[in-house]
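Here's the structure, in structure tokens; my notes come after.
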Amino acid sequence: MVLFTAPALPAEIVSLPSLPATTATVRTNTTAPNGWTEYQVKGGDTLIGLAAIFKTSPGELAAHNNLANPRALRAGSTILVPRGDAASTGQSGPAAPADPAPPATAYTVKQGDTLWSIAASHSIGLPSLVKANGLNPRSHIHPGQVLQITTMVAAAQTAPAKPAPAPETPPASQQSDGHDTVFPGGTPAMSKNPATNRAALAAATVPSRSATRDLIVATASQHGVDPKLALAISMQESGWNQRNVSGVNAIGAMQVIPAGGQWAEAMIGRDLNLLDTRDNVTAGVVMLRTLGSMATSEDEVIAAYYQGFASVRSKGWFKDTHFYVRSVKALKDRV
């Protein structure tokens, strides 16, 4: 009998690099560039969640704050975030009258509800829901809690006309109901530069979110991974969006770093290009499959996907890891 040993996990996957206690730039005086302001990080905040709330991208937040590891924001640190429309006009003189607040209705949280499901059922955006209730996307809600819901119809009746924000999803002409990612001139090689990978995906035709969802289900089933777990991980990481590239070069729907892709290549015996949606999903699913064989519970699999397996075992869960696991499990019940 010949026994095969799985390749060792690379350092970037097994363990996060050592970080100082505060990973965001702390500013004690008014040094924010025009259009940006200071924000104190709260427990449970993540770069993806803050980017959604402040209508920017995780990459922009990371770049403006020189974050070496955007996944390791620490509560109490201070980062720069975009100002709201009124704060960024730069106009002097008396302040303009505030827009009247759109009418809101009360919603009582039920067993099994999540912020994602409540926002979807009321046809509002998650950023609008959390902002209206002083929460963040990873806040814990409980049955009986009352949330204020401002519907899109009510807001349209009272809010003045404003330019439409940039779409969070690519135009339909750049999306496909198929599973292939098509690049002008052929698929480029992955770059060590996140901006280069981001630009390549911006020019490509990528699968729609529904097509990406179907691809995740099919790939997870093929590799013996719970499809709901893979879907929840991808929703938490990218919103099933292949265009998502983080400031630390985590790429695509499964947010896999290049070193993780190389490790997944060794596990399945073929080359993977994380810019390609099929390969990206395959890499993430293979990582989940292997973590499942190493971990003692599904919770530990989720924690290790976020924090790194060796770090989870040697240091225990970080505070933000608890929020991440809770969020993924809530999504898993809904996808």
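The table below gives the values:
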quantity	calculated
Some residue of the stretch 299-316 being closer than 19 Å to GLN222 by Cα and either modelled with pLDDT of 95 or more or in a helix (DSSP H, G or I) (or both)	yes
Index of the failed condition, ALA266 passing every other in (1) farther than 25 Å from HIS140 by Cα; (2) touching a helix residue (DSSP H, G or I) at 6+ places or on another chain (Cβ under 9 Å); (3) touching a residue at least 40 places away in the same chain (Cβ under 8 Å)	(2)
Qualifying residues in the stretch 178-204 (those that are among the hydrophobic types (A, V, I, L, M, F, W, C) and surrounded by 17 or more Cβ atoms within 10 Å (Cβ to Cβ)) - the one nearest to the chain's Cα centre (by Cα)	LEU201
Of all residues in the stretch 62-121 being hydroxyl-bearing (Ser, Thr, Tyr) and surrounded by 14 or more Cβ atoms within 10 Å (Cβ to Cβ), the one that is modelled with the highest pLDDT	THR78
Flag for ARG213 being more than 26 Å from ALA63 (Cβ to Cβ), assigned to a helix (DSSP H, G or I) and out of contact with any helix residue (DSSP H, G or I) (no Cβ under 6 Å at 6 or more places or on another chain)	yes
Subset of the stretch 244-287 [of a type in the set (Gly, Ala, Ser) and in a helix (DSSP H, G or I)]	ALA259, GLY260, GLY261, ALA264, ALA266, ALA283, GLY284
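The values are calculated or read from the model by the stated rules, or taken from the named source; none is laboratory data. Everything numeric here is computed off the predicted structure, so don't read it as measured data. When we count neighbours, we look across all protein chains shown, and the Cβ atoms used for this are built from the backbone with ideal geometry, even at glycine.
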